[in-house]
Amino acid sequence: MRIDINSDMGEGFGHWRAGDDDGLIGIVSSANIACGFHAGDAVIMDRTVRLAKARNVGIGAHPGLPDLMGFGRRAIQMDRAEVEKHMIYQIGALQAIAAAAGHRVTHVSYHAALGNMATADRELADILARAIATLDRNLIVFAMPDTEVEGAAERAGLRVLTLFLADRAYDDRGALVPRKVSNSVITDEAAVAARVRQFLEDGTVTSIAGTRLRVRARSILVHSDTPGAVALARCVRREVEAGGGQVVPAAQLLA
């Protein structure tokens, strides 16, 4: 089995840093890089791109809502055309930074509230997917399976890489449990390892209520701001390789 392991990176701003990008970059195969709206700036973007290039890690844009104060986790109602331009702006910025560093953006992974909104809103998901296709039809869209994001990407003629979130709890509908709910973020290494093992063995995850759910995915996500993220990512990679799997970037996986 070939599988991608991805994480959100470059989520600092100025002198402030979030997550251990240096530790994660040697474990994951794909990095989703913040593009300046919910986090990140030109210098951090450039540093993260160069870190990824040095370790042969694929890079993707991680666009979010314009919400530095709320880290992109607050829903903001905007005109659809405005959202489209924000999408193009963020991806284009990372494409320019990557080109200057001799690397290439290969995928897009929506951040937090933007992703939650698009997951449930077909019209918004279609607008975002069409914006991506306008820039580069070779870009891969990261999406949770059976969501509006996945459907919109397919309608726009884009490739999709579906995700299993190793460090987040699922409800019985297969949606993520909100972060404000207890035990929605999984930080225990043994628990994450067990979840990944179950996913790799039979393609399922156990919901927070104990229901076994089918998960159709080819990439495993560990959030960089989850406490102990580096150790958790190491657990994920260890489980994949222990089962005979090969960890490869998204673009190689869907080549």
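Values quoted throughout were computed directly from the atomic coordinates according to the rules given, and no laboratory measurement underlies them. Remember, predicted model here, so these are calculated numbers, not experimental data. Methodologically, a virtual Cβ is constructed for each residue, glycine included, from the backbone with ideal geometry; neighbour enumeration extends over all protein chains shown.
Couple of notes before you dig in:
- Taking Cβ atoms as reference points and 12 Å as the exclusive limit, the residues near Thr204 contribute a net charge of +3, counting Lys and Arg as +1 and Asp and Glu as -1.
- Extension gain, Arg197 back to Arg74 (0.36 nm per residue minus Cα-Cα distance, nm): 41.0 nm
- Label-to-label distance for Trp16 and Asn138 is 3.7 nm, based on points extended 7 Å past Cα in the beta-carbon direction.
- Set of segment 59-87 residues, backbone N closer than 14 Å to the point 7 Å along the Cα-Cβ line of Ala120: 74-77
- Fluctuation leader among Asp21, Asp79, Asp225 - the chain, Gaussian network, Cα springs under 10 angstrom: Asp79
- Residues Ser182, Ser29, Ser224, Ser207 in ascending order of nearby Cβ atoms (within 10 Å, fewest first): Ser182, Ser207, Ser224, Ser29.
- Residue exposure sequence - Ile220, Ile132, Ile76, Ile186 - by fewest surrounding Cβ within 10 Å: Ile76, Ile186, Ile132, Ile220
- When only alpha carbons are used to place a centre, segment 43-101 and segment 113-154 end up 15 Å from one another.
- P(r) tail for the chain: Cα pairs beyond 34 Å make up 8% of the total.
- Maximal additional length on extending the Asp171-Asp188 stretch stands at 4.3 nm, based on 0.36 nm per residue less the C-alpha distance.
- Calculated FRET efficiency, Arg50 to Arg212, Cβ-Cβ distance, R0 = 51 Å: about 0.75 to the nearest 0.05.
- Relative contact order of the chain, pairs being alpha-carbon contacts under 8 Å that are 6 or more residues apart, as %: 23 percent
- Relative contact order of segment 1-150, pairs being alpha-carbon contacts under 8 Å that are 6 or more residues apart, as %: 21 percent
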